[in-house]
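Only one structure is covered here, and it is reproduced in the block below.
The values are calculated or read from the model by the stated rules, or taken from the named source; none is laboratory data. No experiment lies behind these values; they were computed from the predicted model shown. Methodologically, a virtual Cβ is constructed for each residue, glycine included, from the backbone with ideal geometry; neighbour enumeration extends over all protein chains shown.
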């Protein structure tokens, strides 16, 4: 089975939630290899053309260069996603519970009111 067909098969198994841990590990490895190869292709130095008869300067790069992916960036991203999901879950729970009952006047002003 070719690597692309295996990737599609594993991705289908993941989407239908019928994937085993071994298949998930294999899928993760394939995805990591795809990311590494795409990153390597993007950061590979471009060789100048061998045609020296034209004195045309190379086109100026107007875009941003490739992003170097690192394990630290992945973990920080996962931490941010987890924190966002936690905040969203807390907000949903708070909204589902409805408004809080008002505090009684005696408990909120205990000690701050003076009698004259």
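So which of 18, 31 is modelled with pLDDT of 80 or more and in a helix (DSSP H, G or I)? Don't jump to the end; show me each part of the working.
Values: 18 fails: in a helix (DSSP H, G or I).
Being modelled with pLDDT of 80 or more and in a helix (DSSP H, G or I) holds for just one of 18, 31, which is 31.
Among the candidates 87, 69, 78, 73, which residue alone is closer than 30 Å to residue 31 by Cα and at pLDDT below 70? Let's see the steps before the verdict.
Numbers: 87 fails: at pLDDT below 70; 78 fails: at pLDDT below 70; 73 fails: at pLDDT below 70.
Being closer than 30 Å to residue 31 by Cα and at pLDDT below 70 holds for just one of 87, 69, 78, 73, which is 69.
At pLDDT below 75, part of a helix (DSSP H, G or I) and out of contact with any strand residue (DSSP E or B) (no Cβ under 9 Å at 6 or more places or on another chain), is that true of residue 107? Even if it seems obvious, please write down each step before you answer.
Numbers: at pLDDT below 75: yes; part of a helix (DSSP H, G or I): yes; out of contact with any strand residue (DSSP E or B) (no Cβ under 9 Å at 6 or more places or on another chain): yes.
It is true that residue 107 is at pLDDT below 75, part of a helix (DSSP H, G or I) and out of contact with any strand residue (DSSP E or B) (no Cβ under 9 Å at 6 or more places or on another chain).
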